[in-house]
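Here is the structure we will look at.
The values are calculated or read from the model by the stated rules, or taken from the named source; none is laboratory data. Every value quoted in this text rests on a predicted model; they were computed, and no experiment measured them. All Cβ positions, glycine included, derive from the backbone under ideal geometry; neighbour counts span all protein chains shown. SASA here: full protein model, heavy atoms, side chains in, ligands and nucleic acids out. Shrake-Rupley method; radii C 1.70, N 1.55, O 1.52, S 1.80 Å.
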Amino acid sequence: INVLDKTSPAIKGVAEIPWDMSKSCPTINDLREFLTVTDNADDSISVNDIYIDSSSLSGYKIGVENTYLVTFAVKDESDNTAYYNAVVTTVDRESPVLEVKDISFNLSEAGEYLFRNLYEKVIVSVSDNSGKYSLSYALTEVYGNGGFSGEFTITLKASDAAGNYTSKSATITIIDDI
């Protein structure tokens with residue numbers, strides 16, 4: 001008697017797979033860690049038999065930036081195929097990189113160092129793995145003679161869309177040469 005297997009294998013896994021975008025692009029081996037497979041007749045089937053259905057790799061995004069629908073497939077010895085959809089979401093956990101430097105200038109040069117752009121003078125570099133960041137800053141009170149000379153501390157904060165941030169402080173010294 002020859003028994004025909006007409007039952008597809010079963011793929012199970014998490015519906016949403018988070019992927020840290022600071023790592024390289026996930027491979028099928030990386031994604032298999034989130035999946036299991038069983039079959040009613042084929043004992044040799046394993047997660048290593050799971051592949052990504054290439055027709056699902058059109059770069060389809062689901063309404064949210066960096067969220068992709070991926071269709072996994074597996075075929076048993078009787079050519080029964082099972083499909084499983086999962087959402088792969090890249091997650092940014094890396095903070096922006098911010099480098100600052102202390103600066104000093106004479107009060108007679110104050111026109112060049114307008115308070116509204118002082119933060120630009122202390123930034124050495126700023127970058128983020130996403131290529132997008134925002135900057136904010138705060139100045140402390142002057143420590144000195146009570147006028148416009150003395151030391152300020154400026155604290156800068158670089159933030160990205162994922163909510164990661166880096167804060168750095170620099171000292172601004174204004175020398176009273178007038």
Checklist entry - Among all residue pairs at least 6 apart or on different chains, which show Cβ distances below 7 Å where the first residue, located in the stretch 91-108, is more than 28 Å from Asp20 (Cα to Cα) and surrounded by 13 or more Cβ atoms within 10 Å (Cβ to Cβ) and the second is modelled with pLDDT under 90 and charged (D, E, K, R)? => result Ile103/Lys121; Asn106/Asp177; Leu107/Asp176; Leu107/Asp177
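For the stretch 73-174, which strands (runs of 3 or more DSSP E) that fit wholly inside it have 1 or more residues that are farther than 30 Å from Asn29 by Cβ and modelled with pLDDT under 85?
Values: elements: 81-91, 97-100, 103-106, 123-127, 134-139, 150-159.
In the stretch 73-174, the matching strands (runs of 3 or more DSSP E) lie at 103-106, 134-139, 150-159.
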Next on the checklist: Here are the criteria: (1) acidic (Asp, Glu); (2) closer than 15 Å to Val88 by Cα; (3) open to solvent by less than 80 Å² (accessible area, probe 1.4 Å). Tell me which single one Asp5 does not satisfy.
Outcome noted: (2)
